[in-house]
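A short write-up of the structure that comes next.
Computed from the coordinates by the stated procedures, all read-outs in this text should not be read as laboratory data. Computed from a predicted model, the values in this text were never measured in an experiment. Please note: Cβ atoms are built from the backbone with ideal geometry, for glycine as well, and neighbour counts cover all protein chains shown.
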Amino acid sequence: MSSNISPQEYDQFKLFLEQACGIVLGEGKQYLITSRLTRLLRDEGMATIAELLSAIQRNSPRHLRDSVIDAMTTNETSWFRDRIPFECLEKSVFPEMEQDGKRQCRIWSSACSSGQEPYTISITASEYTKAVITSGFNHAQIVATDISASMLLEAKRAEYDESILGRGLSAERKQQFFKANGERWQVVDDIKRRVSFREQNLLSSYDALGKFDIIFCRNVLIYFSPERKSDILNRMAKSLNPGGYLFLGASETITGYSDAFKMVRSPQGVFYRRKD
Ligand SMILES: C[S@@+](CC[C@H](N)C(=O)[O-])C[C@H]1O[C@@H](n2cnc3c(N)ncnc32)[C@H](O)[C@@H]1O
């Protein structure tokens, strides 16, 4: 691939990416396009970014758009990422919901990447119900979505390398919630059965997903423009039941983007609740 991207091509590519998935490429990020798309261009037998742009505009081949989005998104994730949201779930949110008389809840993991986030939520729900003997809170249903079909495939497979398991998972949890499958480790059925996966672009309507009690929207809004952040957060508020909870990534905030939530400072850390 020619590493020369003209200013016009760069602008056109930025526009395509922002409109297709919300990701804003800042100034001077031409190298990101080169490094992330070289392989795709080679596989498609294309030589330049101009050729790619024109193929995307013609929508031919049809899979190309998705492949470009796939290549340009960051899929970085880990087990119990940032720890605090899962402690908040176990120590504050689940007990509070139970006190309110709820016996089950629907949770949306809205940019689930390769599955670590929804399976971590499922492990947390499992640990909570086992630890609290008197708990009648016995059913958490987790809907995990992502824009990337390849990430969703990996997430559904629920099978991980040792090195991936090492990122955030304790030896005890590995023994309890995974079973060996050759060189790899498979999430046990008890954890898998709570989680269902589907493709969802955060820029599109959420109506078909139904209502949730808790939404995880972590480490994805950072890539979007302020307008997109506001729009997504306000639409997520509508997808929550009254008083429903929202978790953002450690470096993300609601301040300045949505008035639909109030901040909750629990002993474990910060999360948000939909205003009624
Ligand atoms: C950095 S990962 C975050 C994974 C997980 N939430 C976490 O915090 O570990 C970001 C994910 O957002 C997804 N993504 C990017 N743009 C999206 C969009 N417009 N709609 C849905 N998912 C998107 C990517 O495919 C990627 O899997």
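Here are the numbers for the structure shown:
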read-out: Modelled FRET efficiency - R0 30 Å, Arg42 with Arg173, Cβ distances, 0.05 increments; value: 0.15
read-out: Span from the region 191-245 Cα centroid across to the region 53-68 one, whole angstrom; value: 27 Å
read-out: Order of Phe197, Phe13 under a 10 Å beta carbon neighbour criterion, fewest first; value: Phe197, Phe13
read-out: Spin-label pair Ser251/Leu203, simplified geometry with 7 Å Cα→Cβ offset, distance in nm; value: 2.2 nm
read-out: Within straight-line cross-link reach of Lys14, aspartates and glutamates at Cα separation under 17 Å, skipping those fewer than 8 residues along the same chain; value: Glu27, Glu51, Asp66, Asp70, Glu227
read-out: Nearest-20 debye value, region 68-176 charge dipole, Cβ charges on Lys, Arg, Asp, Glu; value: 280 debye
read-out: Exposure proxy order (Cβ contacts within 10 Å, fewest to most) of Glu183, Glu252; value: Glu183, Glu252
read-out: Tail fraction, Cα-Cα pairs, the chain, threshold 35 Å, whole percent; value: 23 percent
read-out: Dipole magnitude (debye, nearest 20) for the chain, charges at Cβ of Lys, Arg, Asp, Glu; value: 540 debye
read-out: Dipole of region 84-274, positive end: most advanced residue of Phe178, Met263, Gln116 [Cβ charges, Cα centre]; value: Met263
read-out: For region 249-265 and region 1-42, distance of Cα centres in Å; value: 30 Å
read-out: Difference of contour (0.36 nm per residue) and Cα-Cα distance, Leu15 to Asp82; value: 20.9 nm
read-out: Residue-span extension gain [Ile222 to Glu51] - 0.36 nm each, minus C-alpha spacing; value: 58.6 nm
read-out: 3J(HN,Hα) from dihedral phi, region 119-129, Karplus parametrisation 6.51/-1.76/1.60, rounded to Hz, x for glycine, proline; value: 5, 5, 4, 5, 4, 5, 5, 5, 5, 5, 5
read-out: Cβ-based charge dipole, region 7-72, positive-most Cα from Thr38, Gln19, Gln8; value: Thr38
read-out: Segment Arg193-Lys156, extension gain: residue separation times 0.36 nm, minus the distance between their alpha carbons; value: 12.2 nm
read-out: Residue order, fewest to most surrounding Cβ atoms within 10 angstrom, among Trp108, Trp185, Trp79; value: Trp185, Trp79, Trp108
